[in-house]
1. Taking 0.36 nm per intervening residue step and subtracting the Cα-Cα distance, what contour gain separates TYR152 from SER73 on full extension?
2. Per residue, how large is the accessible surface of the chain? Use a 1.4 angstrom probe and give square angstrom.
3. Figure the gain on full extension for GLN94 and ARG123 (residue separation times 0.36 nm, minus the Cα-Cα span) and round it to one decimal in nm.
4. So what does log10 I(q)/I(0) come out to for the range 145-272 at q = 0.12 Å⁻¹, using the Debye formula with one equal point on every Cα and no solvent?
5. Which whole-Hz couplings ³J(HN,Hα) result when phi for each residue of the range 128-139 is put into the Karplus expression 6.51 cos²θ - 1.76 cosθ + 1.60, θ = phi - 60°, listed in order with x for Gly and Pro?
6. How many nm separate the modelled label positions at ALA261 and GLU231, each set 7 Å beyond the Cα in the direction of the Cβ?
7. With contacts defined as alpha carbon pairs under 8 Å and 6 or more residues apart, what's the relative contact order of the chain in percent?
8. Report in % the part of the accessible area of the chain that belongs to carbon and sulfur, leaving out ligands and nucleic acids; probe 1.4 Å.
Amino acid sequence: MAEEKATLDWREKYADIFEEPDISHIEIEDGEPVDNIVAEKQHRLLVSSLYTNWKPKEKFIATTNVGVFFSVSKPPIVPDAMISFGVDVPTWEQFMSHKKYRAYFIWVFGKPPDVVVEVVTNRKGDELTDKLKIYAEIRVPYYIVYDWIGIYGEPKVRLFKLSGAEYVLKDDLKIEEYGLQVGLWQGKFEGVENGEWLRWYDADGNLLLTNEEWQAQIAAQLNAEKQRAEEARKKVEEERRVSEEAKKKAEEERARAEKLAAKLRALGLNPDE
């Protein structure tokens, strides 16, 4: 009941912006570049792996560096990555028809994002102060901070869950409601060897693969199948060769026996005795 009341309070607080306000004066693309190469790759990794082989129970939209507008009078907050469940992805016609579909206006989608991720690159981001307060204010259920450089010390990954009007740091990295987990993974991504990346896992702890990883996995499975088929073919060929050799040897033994029998008969002996 407490959570329901908090949700109602939030909708009442922003009731004015749920009435399709005029956004003609709002600029949705600021044109500012991403911080650095690692951050840019990390952002895309988080989103691309969700669309490759994850099959959630409900529809979703996942984006990177898209503005979340929660008020017509305040600037948007732009998470490095976010997921919103139970919403429709705008059609191409909608994208073309109105800019309200090209960013995440809370009153258009009808709800805040469910999960947001911030990748720390410097202290100017205020991930553990100002941004944390804003995400709590607009009632984002889960907030993840990945401090890959260690600016804020340990732990590198923090998962906050909204409780009432404030965030509580979780002891684990599980988002049970949506069948997701988050964790660190070391490996190669887009040519970067031995990187430490923030990755999604499903409820059973299986890594959500990128398209490249998925294709590599399929290729490995196909190669394994081909190898097993080749080994089976060689085994059949070997068995056939052994069978033919045994048959040939039996024919030779029979021919020798017949030749010996003929000699015995020539000597007036019965080969059967």
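The values are calculated or read from the model by the stated rules, or taken from the named source; none is laboratory data. Every value quoted in this text rests on a predicted model; they were computed, and no experiment measured them. Cβ sites come from the backbone with ideal geometry, for glycine too, and all protein chains shown count toward neighbours. Only protein heavy atoms, including side chains, enter the accessible area calculation; ligands, DNA and RNA are left aside. Shrake-Rupley method; radii C 1.70, N 1.55, O 1.52, S 1.80 Å.
1. 25.3 nm
2. 61
3. On the way: separation 29, 0.36 × 29 = 10.44 nm, distance 3.74 nm.
The GLN94-ARG123 span can extend by a further 6.7 nm.
4. Relative scattering, expressed as log10 I(q)/I(0), comes to -0.75.
5. Couplings: 9, 10, 4, 5, 4, 5, 5, 4, 5, 5, 8, 6 Hz.
6. That separation, rounded to one decimal, is 4.6 nm.
7. On the way: 340 pairs, mean separation 39.3, N = 273.
The normalised contact order for the chain reaches 14 percent.
8. Using a 1.4 Å probe with all protein chains present, the chain comes out at 53 percent carbon and sulfur.
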